[in-house]
1. Report the charge-dipole magnitude of the chain in Debye, nearest 20, computed about the Cα centre from +1 at each Lys and Arg Cβ and -1 at each Asp and Glu Cβ.
2. Semi-axes, largest first, in whole Å: what does sqrt of 5 times each Cα gyration tensor eigenvalue give for segment 355-442?
3. Which of the trypsin sites (Lys or Arg not before Pro) across segment 1-108 are loop residues per DSSP, with 16 or fewer other Cβ within 10 Å?
4. Given R₀ = 35 Å, what would the calculated FRET efficiency be for H202 paired with E412, taking r from the Cβ atoms and rounding to 0.05?
5. Using the Karplus equation 6.51 cos²θ - 1.76 cosθ + 1.60 (θ = phi - 60°), what ³J(HN,Hα) coupling, rounded to whole Hz, does each residue of segment 427-439 give in order, writing x for Gly and Pro?
6. Between the alpha-carbon centers of segment 222-268 and segment 69-87, tell me the distance in whole angstrom.
7. Determine the distance separating the Cα centre of segment 367-406 from the Cα centre of segment 306-326; give it in Å without decimals.
8. Tell me the angle of helix 248-258 to the major Cα principal axis of the chain, expressed in degrees between 0 and 90 and rounded to the nearest ten.
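Values in this text are rule-based calculations from the coordinates and carry no lab data. All values reported here derive from a predicted model rather than from experimental measurement. For neighbour counting, all protein chains shown are included, and Cβ atoms are generated from backbone atoms with ideal geometry for every residue, glycine included.
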Amino acid sequence: MNAESMIAADPALRAVADAEETAWINPRLLPFDMVDGLSQLVVSDADIADAAARLQRFAPFIRRAFPETEETNGLIESPLRPIPKMQQRLAAEYHAVIPGRLLLKMDSHLAIAGSVKARGGIYEVLKHAEDLAIGAGLLTIDDDYGKLADMRDFFARYTMQVGSTGNLGMSIGIMSAAIGFRVCVHMSADAKAWKKNLLRSHGVEVIEYADDYSRAVAEGRRASDADSMSHFVDDEKSVDLFLGYAAAAERLAAQLAGLDITVDSEHPLIVYIPAGVGGAPGGVSYGLRRLYHDNVHCFFVEPAQCPSVLLGVATQRYEQVSVHDIGIAGKTDADGLACASPSSLVTRIMTNHMAGVFTVSEAHLYDYLRDLNASEGIRIEPSSCASFAGPLGLLRFPDARAYCAMHGLTPERLGNATQIAWATGGRLVPEEIWTEYLATYR
């Protein structure tokens with residue numbers, strides 16, 4: 001399928017092919033009750049509850065290995081913060097209407113790995129460690145998991161491998177090294193040098209490729225398959241990664257309740273999450289849909305230069321499509337979002353759950369970065385800033401306005417809405433890189 005045939009099948013893809021900022025609305029979104037049963041065959045409520053319980057069991061180990069989690073008793077969680085000054089600044093600067101209340105979910109500041117990948121990536125490492133230790137008779141689920149800190153010699157027999165553009169590699173690398181695994185991170189040309197250097201400082205082996213994310217994943221998978229003592233974290237297919245992200249939904253619900261925020265048909269929740277291969281936004285969105293059903297509207301946000309999840313769902317070619325097929329180079333400064341082809345798992349399971357996708361220009365990534373820094377004193381990396389294209393675009397693009405009308409998001413209900421921009425990374429960015437970011441596209 002070439003660009004013209006894609007556009008003929010879905011004229012809304014013309015703006016995508018031209019790498020313009022746009023809103024693509026998913027025509028396959030279905031009411032939650034219609035897809036609930038089939039969805040649970042892949043990922044059930046019991047699966048998500050099991051993942052949440054596993055993270056709780058590991059809290060004593062995490063607290064011992066990472067003292068920075070002492071305050072949260074070994075749980076890796078981020079703040080949910082109202083950002084009224086940013087909301088006002090965006091509305092004024094871009095002549096936009098941003099109804100309701102805008103909040104920032106600060107996974108950019110998660111402990112240990114400083115990104116949303118600390119959810120899925122770390123969860124899969126922990127689950128693999130638990131499986132190995134239980135299988136060897138060294139652990140039961142009733143034990144104090146703090147004892148895992150004394151099993152480094154056991155885990156040193158095993159290797160963890162992953163292909164990454166940056167943040168997933170950091171989460172896998174840092175946690176795997178803390179447990180005692182040998183770690184090999186296969187990194188694409190899009191990965192930032194400072195992320196590679198940080199991994200190496202933790203004793204992680206970093207293998208670099210002068211190619212894109214897909215090549216790094218393929219080479220990592222091949223190397224791991226050749227080693228019976230190796231486990232490959234597959235960002236394109238892993239259900240365990242997906243579950244780690246999905247477990248975030250219950251925690252977000254508790255935070256919303258703590259802020260006295262109601263989510264129902266009169267008080268909708270609208271969430272915007274940056275997407276690369278799609279694992280993190282897919283898992284988080286799926287978890288939220290399981291909690292809030294049709295009262296939550298989950299949009300992905302992708303670089304206009306690399307909208308792979310959009311194309312995967314729009315064409316129903318899933319992981320078989322590439323942004324190159326529609327004539328886009330796939331080059332973006334948002335390294336965590338630089339994935340030319342999307343996840344096979346996420347594009348399938350989210351086909352009937354995802355509201356749509358907003359795309360964002362390279363320059364606006366840095367504009368929003370400066371806006372947030374100036375208005376709220378918060379710094380998040382450029383890929384995180386993609387999320388602000390969502391609240392700015394909801395009432396800007398005709399197709400997005402039509403979505404609101406179709407789904408009963410009346411002006412009154414939008415006035416009652418909670419909009420969340422999900423910040424996906426930034427805490428570990430070195431100061432000299434911030435200086436560079438703040439001056440880019442200025």
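1. Result for the chain is approximately 360 debye, rounded to the nearest 20.
2. Calculated on Cα positions only, the semi-axes equal 29, 13, 10 Å.
3. Loop-located and lightly packed - R28.
4. 0.10
5. Result, ordered by residue: 4, 8, 5, x, 4, 5, 6, 4, 4, 5, 4, 5, 9 Hz.
6. A separation of 17 Å, based on Cα centres.
7. Spelled out, the Cα-based centre of one part sits 23 Å from the other.
8. For 248-258 against the chain, the angle is about 60 degrees.
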